[in-house]
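Coordinate-derived values only; no laboratory data. Please read these numbers as outputs of a predicted model, since none were measured by experiment. Here the Cβ is made from the backbone with ideal geometry for all residues, glycine too, and neighbour counts use every protein chain on show.
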Amino acid sequence: MAKNSLSVAVPIATTRQNRRRMTPSRREAAWGFVFVAPWVIGLLLFTMGPLIASLVLSFTDFNLVRPEATRFIGLDNYVQMAGDPLVLQGLVVTARFAIIAIPVTMIASLGVALLVNSPLLFGRSAFRTLFYMPIQIPLVASTLVWIGFLNPETGWLNGLLGLVGIQGPDWTNNATWVYPALTLIGLWGIGNFMLINLAGLQSVPTELYEAARIDGAGPWSMFRRITIPLMSPILLYNLVISLITTFQYFTQAYVLTNGRGDPNNATLFINLDLFREAFANNHMGYASAIGWLLFVIVLALTLVLFLIARKRVYYAGGEA
Amino acid sequence: MTARADTRRLPGFSDRGPVSRSFRRFLGRASLTLFAVMILSAFLLPLLAMVTASLEDAGQRTTPGAPIYPASPATGTYQGETFEIYAVPIDGTTRTLMLVKKGRLESTFIDPADTTQAPIVWQGAWRTLQQSWVFDPKLNNFTTVWSQLSFPRLLFNTAAVAVLSTLGAVSSSALVAYGFARFRFPIKNILFVILIATIILPFQVTLIPTYAVFTKLGWNGTWLPLVVPHFFANAFNVFLLRQYFLSIPRDLDEAATIDGASPFRILRSVILPLSIPAITAVSLFHFFFSWNDFFLPLLYLAGKPELQTLPIAIQQYNALYVSQPTLIQAAALMTMAVPVVVFFLAQRAFMRGVVITGVEK
């Protein structure tokens, strides 16, 4: 039966193909544009347009109360920003948090991935599911849970520390301890990184480990000389993504202090400062300038990471 | 999922015969699993603290001597009145007795097991005694939050916004992903690079003009800013779907083309039915991205209680009732219930989708 239908289908196919060949790539290209059109339109309307508009606004004193009175003020916003202690504070807070949280998150997600990848572990898939699960909890809810857990009087963490004789700090109201506290909250977000690391670990060819074992390599040197190099593109991806999310850090800081940036502006992340300038102080031109500052910083850091990666990251294809 | 590296089998385990070796291996596995259980317990401990707090009376946590589980003071009745029960040290043993008459220097107790016995007079300050508690979880925090927050409305709002924006995101992303996966056209590669580049674009840099335009259009205070932009696809969804579409053999579309099917028809009848796992993953991701989103609802709906979504309502509730942790923990539990339950039901689709976007780039 299959042969029968094939013998009928072939001539039809050739005629069709002939017809298509007359308007060959054009027709295909037209369909391609039709299908990607929604995204291209969205890109122009919601990304490129606003991107350029916010650059223009950053040179004005635009606000929404009196948009008609908008004046072009040149670089004034950028000059003001350079001397604005709150913008500086926002950058310092964000950097301080990034320096603690990003390494902790990277190491924790790799550690948990190694753990739940081990063939020796009973119930691996249950562990994977449970370590992944907290990322599903709405950030507002998980932050509230942690606020309760970290409460110096009634929270369990200080209660447990008290059992072993340690007087726990006032995690969320102390300008130093608030960063470890936010890092702890962030640990509930390792799920995606963990799964990506896990897939990376599983893609390392087993033969490499076997060869290394025959050569007498121990687990640590196999980890350092096989796992880490082969995982480096994935670790770089995770690093870039966590950098971007850190510069967009907002919800946890906002929920913690209801947007006040307490204690003593220690949680005034740059994004929170931008939000307040734009929507509380109605300095929208100025906030656009802060937005562009953020964009440039993220872009620069990403480029630096990729430049470092060109030397350090191993790609299986051979290109360095 | 193919080759798994057995990195943890340590060399140097001496072979003393098969029984001993397999027992050692079992012991190794058991201790590793125990270690994992300990890490996991610490990781999820705040959830237990949340559940516990949400079942407690407001005052329990600040009462000295109260247990960490939800409990009420143990009581008994004597001559028609209710009295609290304490642990009383008498003659070297400790008895649990009902305190019927409080006094500064001596107090009178009754044995709750047998109230016909003579009252026991105990010398000492009753305030130094340990009160007895009984396990007593209460649901009134949940009912309070449910009614104070008009929870059914919040659930409806959150679900409605999430469903609408998911419909838009998935349908538009499927079209765009199909375009990138199956057609050759000029500047396709440039467009794809731009698509990926939008991932690193911080949303703050486009925020203010977008907000200004939406406000100008009268969309501020409506669901439109949370829904409409998603009808124009986004990089993560397109990327995930494109990867999946690329894995579908082209022979199938070609066969359909030969049968005279249009590209739209091929997408609908060939590609999409074969991509159910990817479509499911994208839908779930987007649904809960929307369900959990805080920033945009805060921006556009903060002043509209009747249109608000859960995260923003819960945040405002926290700001109001910050001194009542039991209510807040109950509210947090209610906010996470739907995402967490759905996650457990659909965990495979979720976790597979993460891997597609993260690794196969």
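Using bins 10 angstrom wide from zero, how does P(r) for segment B:192-337 break down, in % of all Cα pairs?
Computed distribution, short to long bins: 9, 26, 27, 22, 11, 3, 1.
Can you work out ³J(HN,Hα) from phi for every residue in segment B:325-330, in order, using Karplus 6.51 cos²θ - 1.76 cosθ + 1.60 and θ = phi - 60°, giving whole Hz and x for Gly and Pro?
Working through the residues one at a time gives x, 5, 5, 4, 5, 5 Hz.
Of A:23, A:105, A:183, which is the most mobile in a GNM of chain A whose springs link Cα atoms less than 10 angstrom apart?
It is A:23.
Among B:334, B:98, B:38, which one moves the most in a GNM of chain B with springs linking Cα atoms closer than 10 Å?
Checking each option, the largest mean-square fluctuation is seen for B:38.
For a footprinting-style exposure proxy, rank B:170, A:140, B:145, A:56 by other Cβ within 10 Å, fewest first.
So the residues, fewest neighbours to most, are A:56, B:170, B:145, A:140.
Cα to Cα, under 18 Å, and not fewer than 8 places away if on the same chain: which aspartates and glutamates meet these conditions relative to residue B:188?
A:28
Net charge within 15 Å of residue B:186 by Cβ-Cβ distance, Lys/Arg positive one each and Asp/Glu negative one each, not counting residue B:186 itself?
+3
If you take the beta carbon distance between residue A:104 and residue A:244 as r and set R0 to 25 Å, what does 1/(1 + (r/R0)^6) give as a FRET efficiency, to the nearest 0.05?
It comes out at approximately 0.90.
As a footprinting exposure proxy, order A:153, B:84 by other Cβ within 10 Å, with the fewest listed first. Write out the running numbers ahead of the final one.
Details: A:153 10, B:84 17.
With the fewest neighbours first, A:153, B:84 line up as A:153, B:84.
Aspartates and glutamates within cross-link reach of residue B:138: Cα-Cα under 13 Å, excluding same-chain residues under 8 positions apart?
Qualifying aspartates and glutamates at Cα under 13 Å: B:56, B:57.
Excluding same-chain residues fewer than 8 positions from residue B:102, which aspartates and glutamates have a Cα within less than 18 Å of its Cα?
List returned: B:81, B:84, B:111.
Could you tell me which of A:194, B:252, A:253 has its Cα farthest along the dipole of the protein assembly as shown towards the positive end, charges placed at Cβ (Lys, Arg +1; Asp, Glu -1), taken about the Cα centre?
Checking the options against the dipole of the protein assembly as shown, the answer is B:252.
Using a simple charge model, +1 on the beta-carbon of Lys and Arg, -1 on the beta-carbon of Asp and Glu, nothing else, what dipole does chain A show about its Cα centre, in debye to the nearest 20?
Charge dipole, chain A, about its Cα centre: 1620 debye, nearest 20.
Which residue, chosen from A:136, A:162, A:204, occupies the Cα position most advanced towards the positive end of the dipole of chain A, where the dipole is computed from +1 (Lys, Arg) and -1 (Asp, Glu) charges on Cβ about the Cα centre?
Going by the charge dipole, the pick is A:204.
What ranking of A:296, B:100, B:282, A:255 emerges when the number of other C-beta atoms within 10 Å of each C-beta is taken as an exposure proxy, fewest first?
Lowest count first: A:296, B:100, A:255, B:282.
So if I place +1 on the C-beta of Lys and Arg and -1 on the C-beta of Asp and Glu, and nothing else carries charge, what would the dipole magnitude of segment B:83-199 be about its Cα centre? I want it in debye, nearest 20.
Roughly 900 debye for segment B:83-199.
Using Stokes-Einstein with the Kirkwood hydrodynamic radius over Cα pairs, what translational diffusion coefficient do you get for chain B at 10 °C and a viscosity of 1.306 mPa s, in µm²/s rounded to a whole number?
After rounding, the answer is 60 µm²/s.
May I have the extent of the alpha carbons of segment B:91-158 along their three principal axes, as whole Å values ordered from largest to smallest?
In descending order, the Cα extents are 63, 25, 21 Å.
Output the DSSP H helices from chain A with an along-axis C-alpha extent of no less than 20 Å and a mean Kyte-Doolittle hydropathy no less than 1.6.
Flagged H segments are A:85-117, A:228-247, A:284-312.
How big is the protein assembly as shown by Rg and Dmax over its Cα atoms, in Å?
30.6, 110
Can you give the mean number of other chain Cβ atoms that lie within 10 Å of the Cβ atoms in peptide A:24-35?
Details: counts 1, 4, 1, 2, 5, 6, 3, 9, 11, 7, 6, 14.
Partner Cβ neighbours, averaged per residue: 6.
Within 10 Å of each Cβ of B:32-40, how many other protein chain Cβ atoms are there on average? Each step should come with its number before you reach the end.
Details: counts 5, 8, 1, 2, 12, 3, 0, 6, 7.
The shielding value for this peptide is 5.
In terms of modelled amide H atoms, which long-range or inter-chain residues lie less than 5 Å from the amide H of residue A:61?
Long-range HN contacts for residue A:61: A:71, A:73.
Between residue B:101 and residues 5 or more places away or on another chain, which pairs have amide H atoms under 5 Å apart, with H built 1.01 Å from N, and which residues are they?
Here the answer is B:108, since their amide H atoms fall under 5 Å of that of residue B:101.
To one decimal place, what Kirkwood hydrodynamic radius in Å is obtained for segment B:60-128 from all pairs of distinct Cα atoms?
Roughly 12.9 Å, rounded to one decimal.
Let me know the charge dipole size of chain B about its Cα centre in debye, to the nearest 20, where only the beta-carbon of Lys, Arg (+1) and Asp, Glu (-1) is charged.
1320
Rounded to two decimals, what is Rg over Rh for chain A when you use alpha-carbon atoms and the Kirkwood radius?
Details: Rg = 26.7 Å, Rh = 24.3 Å.
The Rg/Rh ratio comes out at 1.10.
Between Rg and the Kirkwood Rh of segment A:147-301, both from Cα atoms, what is the Rg to Rh ratio?
Result for segment A:147-301 is an Rg/Rh of 1.12.
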